[in-house]
Amino acid sequence: MPSGYFQRQIFATFMDDPVGIANWSFVGRDNFMWASDYPHTLATWPHSRDVIMRDFKGVPDDVKSKMIGETAAKLYGLLA
């Protein structure tokens, strides 16, 4: 099924985008990664923590943890 391909092969990133955050509930929590877009001028940095607090309001902590770091660390082999 197409959703299986997505879950196995596709990872999406977003920044400062509440709609991007909401998509996890349709496809799953393991394929979405928040990004600050640093060092570009439109990046959320140095206010990234504030953006995360605002945009992830109401998102379960386990989902938020995956989207703001755990999924990227796993994808790129950064987990110990």
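Every number here is computed from the coordinates shown, using simple stated rules; none is lab data. Just so you know, these numbers come straight off a predicted model, no measurement behind them. Backbone-built Cβ (ideal geometry, glycine too); neighbour counts: all protein chains shown.
Suppose every Lys and Arg Cβ carries +1 and every Asp and Glu Cβ carries -1, with no other charges. What dipole size does the chain come out with about its Cα centre, to the nearest 20 debye?
Computed about the Cα centre, the dipole is about 160 debye.
Using a ≥ b ≥ c from the Cα gyration tensor of segment 1-61 (square roots of the eigenvalues), is it rounded, prolate or oblate, where a/c under 1.5 gives rounded and otherwise the larger of a/b and b/c decides, a/b for prolate?
It is oblate, given that a/c is not under 1.5 and a/b is not larger than b/c.
Between ASP37 and MET1, what is the FRET efficiency for a Förster distance of 30 Å, r being their Cβ-Cβ separation, to the nearest 0.05? Intermediate results must be reported in sequence, preceding the final value.
Details: r = 32 Å, r/R0 = 1.07.
According to the calculation, E is roughly 0.40.
Given contacts defined as C-alpha pairs under 8 Å and at least six residues apart, what's the relative contact order of the chain, whole-number percent?
Numbers: 76 pairs, mean separation 22.8, N = 80.
After rounding, I find 29 percent.
Calculate, in nm to one decimal, what LYS57 and GLN9 gain on full extension: separation in residues at 0.36 nm each, minus their alpha carbon distance.
Details: separation 48, 0.36 × 48 = 17.28 nm, distance 2.79 nm.
Gain on stretching LYS57 to GLN9: 14.5 nm.
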